[in-house]
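FYI, it's all coordinate maths here, none of it is from the lab. All figures in this text were calculated on a predicted structure; none of them were measured in a lab. Heads up, the Cβs are rebuilt from the backbone with ideal geometry, glycines too, and the neighbour counts pull from every protein chain shown.
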Amino acid sequence: MLDGRDLERILEVTRQLARPLDLTTMLEQVIEAARTVLRAERGTVFLYDGESDELFSAVATGTGTLRIPAGRGIVGECARTRSVINVPDAYADPRFNPDVDRQTGYRTRCLLTVPLVGHDDVLVGVLQVLNKNEGVFSSDDEQMATALGAQCAVALQRARLLKELVAKEKMERELAVAREIQMRFLPQDLVSPPGYDMAGWSRAADETGGDTFDIIGIGSKIVLLLGDATGHGVGPALSVTQVRSMLRMGLRLGAGLDDIFRNINDQLADDLASNRFVTAFLGTLDTQFHKITYHAGGQAPFLWYHAADRRCEWLDSSTIPLGMMPTLKKLSPRSIELAGGDILALMTDGIFEYENRGGEPFGEPRVGDLVTAHGHEPMSALVERIVQGVEAFASGAPQNDDMTILLVRRLPD
């Protein structure tokens, strides 16, 4: 039975652990409290790692970091059975592993191992104390250790959750900054050249996305970019931002379309992992001759809407995605000539592959129907029509991929 002094010690420990402490300080407090209350020489707190199903010592007196598979040895058995294990003679118990003693020169005589179980029956870890100052650990010590372990488990769980919350909030702040920076790379004040109407839109599936678009005016020519990196998140966002930056730098240096495309490909091949690449449409619109010359590196399908006969022509990619392999062979750019009212509609696969709750993708025909029905409207309005069409089709299904649209329409003569 716990006497008044024992209960007073545990209450004092509870008061100490209720203070706002970081996880490391909390662990040190738990070990010191256990050594004091149970009159032990040493103590170790093993935290439970659910992902690896291991117990690891974050703080211990007299030893370095230990990592033990859950279920192995005395500590593992304590975690598995969630029961107190009192070993009066360590070297007489076959479960005891003397390797740590041999490495440190310390000799373990007896030990008491206590499961740390938090609220909702969640295993937090295991507390182990070694060598009672006088004799061996008693049944009263087991009771005291159980009461102490319950308080320590809740305190450690609270400290760990607080640490995870702080880390999550920090990550969210950093991602918000990354998203703000990425959004600034998209054209802010999009001004269409005479005789043309252009519009662009992008929405990431996560805080940051792997899509981008750009419209760059150079005299009577307009450079068009639509890029989509594999995956979505921070890594792909960096990849498409790199593509945009290299494109603009190449244009500043006066490079041609073929050289820019080839050099971007070679640089990405050096920088990206073998399973990463960027699909991209890179083209130049000559507003005098209404001709678009382009390379479509894996970026397909895209739509050429012929206003004269209200016909949708779907075009395929012209070469492999950027970064898939170094040193592309001689490139053969393709070209189209826009008649009055014609539309070039570039979209990433997040539009076409957006699935409703039944698993059906939005698909090319629905995009074509929207362009045919509303192609006479301003391109900014057509963008909204497409986005609204996708959202209505999805009926609340989550967005699993980044979505980007770039529309170019030659105004009727």
- Task: Relative to the longest principal axis of the C-alpha atoms of the chain, give the angle of the C-alpha long axis of helix 257-271, reported between 0 and 90° and rounded to the nearest 10°.
- Result: 10
- Message: Give me, ordered by chain and number, the residues 5 or more places off Ala307 or on other chains with an amide H under 5 Å from its own placed amide H.
- Response: Asp342, Ile343
- On Cα atoms only, tilt of 139-185 relative to the major axis of the chain in degrees: 20
- Message: For semi-axes √(5λ) of the Cα gyration tensor in Å, pick the label among [x] 67, 22, 18; [y] 33, 28, 20; [z] 44, 22, 16 that corresponds to the value derived from the coordinates.
- Response: [x]
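Quick check: net charge around Ser318, other residues with Cβ under 14 Å of its Cβ, Lys/Arg +1 and Asp/Glu -1?
+2
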- Item | GNM top mover of Val387, Val100, Val126 - the chain, alpha-carbon springs below 10 Å | Val100
- Please report the relative contact order for the chain, taking Cα pairs under 8 Å with a sequence separation of at least 6, and give it as a percent rounded to a whole number. 12
- Message: Need the list of lysines near Lys330 for cross-linking: C-alpha distance under 22 angstrom, and skip anything on the same chain fewer than eight residues off.
- Response: Lys291
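Counting pairs of alpha carbon atoms under 8 Å apart in space and at least six apart in sequence, what relative contact order in percent does the stretch 41-158 give? Could you put the intermediate results ahead of the total?
On the way: 215 pairs, mean separation 30.4, N = 118.
Value for the stretch 41-158: 26 percent.
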- Debye, to nearest 20: dipole size of the chain, +1 on Lys, Arg Cβ, -1 on Asp, Glu Cβ: 760
- Listed residues Thr284, Ile215, Thr372: farthest to the positive end of the dipole of the stretch 185-410 (Cβ charges): Thr284
- Which whole-number percentage describes the relative contact order of the stretch 185-410, with Cα contacts under 8 Å and a sequence gap of 6 or more? 24
- Message: With angles folded into 0 to 90 degrees, how steeply does helix 23-38 sit against the dominant principal axis of the chain? Use alpha carbons for both and round to 10.
- Response: 10
- Within the stretch 333-413: Cβ-based charge dipole about Cα centre, in debye rounded to nearest 20 (Lys, Arg +1; Asp, Glu -1): 160
- Where does the charge balance sit around Leu190 when Lys and Arg score +1, Asp and Glu -1, over other residues with C-beta under 12 Å from its C-beta? -3
- Looking only at aspartates and glutamates whose Cα falls under 12 Å of Lys163's and that sit 8 or more positions away or on another chain, we get Asp22
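Using helices alone, what [θ] at 222 nm do you get for the chain, with -39,500 (n - 2.57) per DSSP H run of 4 or more residues, divided over all residues and rounded to the nearest 500?
So the helix-based figure for the chain works out to -12500 deg cm²/dmol.
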